[in-house]
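The next block holds one structure in the form of C-alpha cells; read it before the comments.
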Amino acid sequence: MPLARNVVKDLAAEHGACQRPVQLRRTEIDTGYVEQVLIPCGHTLASVCPPCAERARILRAAQCREGWHLDREPVIDPDPATGEQRALVTDRAEAQADWDALANEGLDTAELDERIGELDEHITDAGMRGNVLPNRPRRHRSTRRRQDAAPLPRRAVSNRTVGKTYTAPDGKTFRPSLFVTLTCPSYGRVCEDGAPADPDTYDYRHAARDALHFAALFDRFIQNLRRFCGYDLQYFAAIEPQKRLAPHVHIAIRGTISRAELREVIAATYHQVWWPSTAAVKYDGGHLPVWDEHTGTYLDPDTGEILVTWDQALDAIGDGDEPLHVARFGTRFDAQGVLAGSKDASRCIGYLTKYLTKHVGDCHQVTTDAQAAHAARLADALRYEPCSPTCANWLRYGIQPKNARPGLRPGCCKGKAHRREYLGYAGRRVLVSRKWSGKTLADHRADRKAWLTGMLGLPATDPTRYTWEPVKPSDPDHMPNGQRLLHVVADRQKWHAALTNARARASGETSPNLSAAGTAA
Ligand SMILES: [Zn+2]
Ligand SMILES: [Zn+2]
C-alpha cells in the first residue's frame, strides 16, 4: 500500500505546489484578526523543491523572452529617493569633505575611512544601487594590449539598446536577434562521454583556472562587443557545464552581429589575472604558517618571520612579469539569427533555461568510470588553486590572503568554487544586462501575480494593513510539514477550479506568459 504521507507529497507536486511551504502568521492591524498564511519556499534547485525550481525557471524564461526582441528602448525609472536615503547621502557628503580636508593636510584618515565604509554599507542596505564614488583600483596595470591578441577597432558606445531593423524587398521589416554559444579552449582531446582521451596530458590546471575566471572573461567579452558594435548591447546569458565539465555560456543578444565580427571580437578578448605566482609551494602537509594573535598575521613556522601580505605580494608584481593566468574563449563558437516569436526563439529559450534548476556539477550524469575519474581529477586541480584574493590556499605559496584571519588551511578553503558541485564556477548562473527587459525579476514576478489576481477578479491586498511574522516550531500554532502540504493541496485545487472558470469566462483573452498549468502568485 502507498504511504499516505508520500501520496500527499506526490499530490502537491502534481498540483505544482511547494514541497516545503513556509508558515507565516498574518495579523490585520485594525482588527487584530490572525490568519496562517503558507508561502512557497522559492528555492531554485529541483533537488530541494521541484515545483518552486520549475516556477523560477519559467520566470527566467519569461524574462528572457520579454527582453530579447524589444523594438522600443526599455524605460527604467528608478523610484525617487526616500528621506532616509537622502539623509544617508548627506552624511556621506560631509564625511567625504572631512576626509578630503584631513588628507590635504597629510593627516591620519583611518577613523574616517571606517566611517565612510559604514556609510557606504548603509547606503546599499537602504536600497540604493551602486556606490557614491567609483571603486578606485589600487594598482595601475599596464593597459597595453597583449602582443598575441588581435587588435580590436573601438567605437564610441551610444545609449541605444535596440537592434537595427532590416527591410525585405517586399517591404516587410525584420529585427533579428542573436543566439550565441561560447566555449572554453581545448585542454586535450575528449571522448564521446566527455572524459579525456589521454588523462595524463589533459591540462587540468588550465581548465581549473579558466573555470574560476570564466565570469570575468564573459564581462570582458561584453565590454569589447559593446565598443566594437558602438551601442549598449543587451544580453541574457546562462552559464552551464559541457560534458567535459568546462563551463560554456549561451547568450541571447538583442540585435544582430555577423559571424565574422563575432569571430574577431572573440579572438581579441582575453582576461588577465594579475595575482601573485603560485609556481613554488612553500608550505605543505603539516608544515604550515602559524597565526599570531598579537600581530594578527601569519608567520613562518620555523623562523617566526611575518609572511608577505596580499598587498605586498601584489605590489611586487613588476611590469616585466607575466599574469598568473590569461583566460580566453575557444575559437569554436555557435551563432544563429533568431526572429521574435519564432519556433527557434522558443527552442533557444529552452536551451537557456534548461539546466537552471540544477547545480553545475549535477547537469550531466556520471555513468562511466572514466567520467568519475575525470570529475575527481578536476576537483583535485581545483583544491589548491586560489579561488579569490581571500582564498586560504595563498598560504601554501607563502602569501597571506587578503583579510587574513585565524584558522585558514590551504586545501580547505570554504569558497564555493572548490566544491565538487560547482566545478570551479561559483558565479551566478544567469547573467542579465540591466536594460534587458527594463524590469527586475521581482517586477516579472509581480506581473504574473497581477495577471492571476486580475483573472480571478481578486482585490489587490494592501500590504500596510497587516503585520507578518514567521511561525517557529515551538509556537502553539505551528503546523508540521504534512499538515502544511494538505492545506497547500486544498488551496491549489480551489485556485485551479477558479482559474479554469475564469478562463472559460474570458476565453479569447490570454496571457502572453502563463501556461495552462497552475502558476502560483
Ligand atoms: Zn518550494
Ligand atoms: Zn579558495
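The values are calculated or read from the model by the stated rules, or taken from the named source; none is laboratory data. Given the structure is predicted, the values throughout are model-derived calculations rather than measurements. Here Cβ is always computed from backbone atoms with ideal geometry, including for glycine, and neighbour counts include all displayed protein chains. For the accessible areas, the whole protein counts, side chains as well, though only heavy atoms, and no ligand, DNA or RNA atoms are used. Shrake-Rupley method; radii C 1.70, N 1.55, O 1.52, S 1.80 Å.
Taking 1 over the mean of 1/r across every pair of different Cα atoms in the stretch 353-442, what Kirkwood radius in Å do you get? Before the final figure, lay out each step's value.
On the way: mean 1/r = 0.0649 Å⁻¹.
It works out to 15.4 Å.
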Please give the residues of the stretch 419-460, grouped as numeric ranges, whose backbone N is less than 20 Å from a label point set 7 Å along the Cα-to-Cβ vector of I39. 440-454, 458-460
If you fit an axis through the alpha-carbon atoms of helix 110-125 and take the longest principal axis of the Cα set of the chain, what angle between them do you get, 0 to 90°, nearest 10? 30 degrees
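Taking only the Cα atoms of the stretch 1-122, how large is their convex hull per residue, in Å³?
Working: hull volume 34.9 nm³, N = 122.
Expressed per residue, the convex hull around the Cα atoms of the stretch 1-122 is 286 Å³.
Using R₀ = 51 Å, calculate the FRET efficiency as 1/(1 + (r/R₀)^6) where r is the Cβ-Cβ separation of A149 and N104; round to 0.05.
Calculated value: 0.75.
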DSSP loop (so not H, G, I, E, B), at most 14 other Cβ within 10 Å: list which chymotrypsin sites (Phe, Trp or Tyr not before Pro) in the stretch 225-333 pass both filters. W274
Within straight-line cross-link reach of K172, aspartates and glutamates at Cα separation under 17 Å, skipping those fewer than 8 residues along the same chain: D71
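Mean separation of Cα pairs under 8 Å and 6+ residues apart, divided by the residue count of the chain: what relative contact order is that in percent? Numbers along the way, then the final one.
On the way: 758 pairs, mean separation 117.7, N = 521.
Relative contact order comes out at 23 percent.
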I want the antiparallel fraction of DSSP beta bridges within the chain, as a percent rounded to 5. 95 percent
Hull surface divided by four, with the convex hull built on the Cα atoms of the stretch 51-195: how many nm²? 19.5 nm²
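What whole-number volume per residue, in cubic angstrom, does the convex hull of the C-alpha atoms of the stretch 435-496 give?
On the way: hull volume 10.2 nm³, N = 62.
Expressed per residue, the convex hull around the Cα atoms of the stretch 435-496 is 164 Å³.
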With the Cα gyration tensor of the stretch 333-377 in hand, give its eigenvalues times 5 under a square root as the equivalent ellipsoid semi-axes, listed largest first in whole angstrom. 32, 12, 8
Using a 7 Å offset from the Cα along the Cα-to-Cβ direction at both R428 and Q96, what is the distance between the two label points in nm, to one decimal? 2.5 nm
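Per DSSP H run of n ≥ 4, the term is -39500 (n - 2.57); total these for the chain, divide by its residue number, and report the mean residue ellipticity at 222 nm rounded to 500 deg cm²/dmol.
Values: 12 runs with 176 residues, N = 521.
Computed ellipticity for the chain at 222 nm equals -11000 deg cm²/dmol.
Run the numbers on the stretch 169-227 and let me know its relative contact order in percent, using alpha-carbon pairs under 8 Å that are six or more apart. All intermediate terms of the calculation are to be shown ahead of the outcome.
On the way: 21 pairs, mean separation 12.0, N = 59.
In percent, rounded to a whole number, it is 20.
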Mind ranking H359, H294, H122, H213 by accessible surface for me, highest first, 1.4 Å probe? H294, H122, H359, H213
Working from Cα positions, state the angle (0 to 90°, nearest 10) between the long axis of helix 369-383 and the longest principal axis of the chain. 60 degrees
Cα-based Rg / Dmax (Å) for the chain: 27.1, 83
If you find the alpha carbon centre of the stretch 406-456 and of the stretch 142-197, how far apart are they in angstrom? 24 Å
Rounded to the nearest 10 Å², the accessible area of D108 at probe 1.4 Å: 120 Å²
Within straight cross-link reach of K449, meaning Cα distance under 21 Å, which lysines are found once same-chain residues fewer than 8 apart are removed? K439, K494
Can you list the residues of the stretch 357-398 with backbone N under 15 Å from a point 7 Å past the Cα of D193, pointing along Cα to Cβ? 364-377
Check: C-alpha center the stretch 279-314 vs C-alpha center the stretch 67-93, spacing in Å is 45 Å
Two-decimal log10 I(q)/I(0) for the stretch 204-259, as the Debye equation yields it once each C-alpha is a single scatterer, q = 0.23, 0.26 Å⁻¹: -0.96, -1.09
Report, to the nearest 10°, how far helix 50-68 tilts away from the longest principal axis of the Cα atoms in the chain, using its own Cα long axis and a range of 0 to 90°. 80 degrees
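May I ask you to list the chymotrypsin sites (Phe, Trp or Tyr not before Pro) in the stretch 1-108 that are in a DSSP loop and have at most 15 other Cβ atoms within 10 Å of their Cβ? Let's see the in-between values first.
Working: sites: Y33, W68, W99; in loops: Y33.
Those that pass, being in a loop and sparsely packed, are Y33.
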Can you tell me the length gained on complete extension of the stretch T368 to Q336, counting 0.36 nm per residue apart and subtracting the Cα distance? 8.2 nm
Find which of S437, W310, T278 sits farthest along the positive direction of the dipole of the chain, computed with +1 on the beta-carbon of Lys and Arg, -1 on that of Asp and Glu, about the Cα centre. S437
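Tell me which trypsin sites (Lys or Arg not before Pro) from the stretch 395-458 have a DSSP coil assignment and no more than 13 other beta carbons within 10 Å of their own.
Values: sites: R396, K402, K414, K416, R419, R420, R428, R429, R434, K435, K439, R445, R448, K449; in loops: K402, K414, R419, R428, R429, R434, K435, K439.
Those satisfying the criteria are K414, R428, R434.
What's the longest bit of the chain with no exposed GluC sites (Glu not before Pro), using DSSP loop states and at most 16 other Cβ atoms within 10 Å as the test? Provide the component values of the computation, followed by the final result.
Details: sites that count: E105, E192, E293, E305, E509.
Between the exposed loop sites, the longest stretch runs 306-508.
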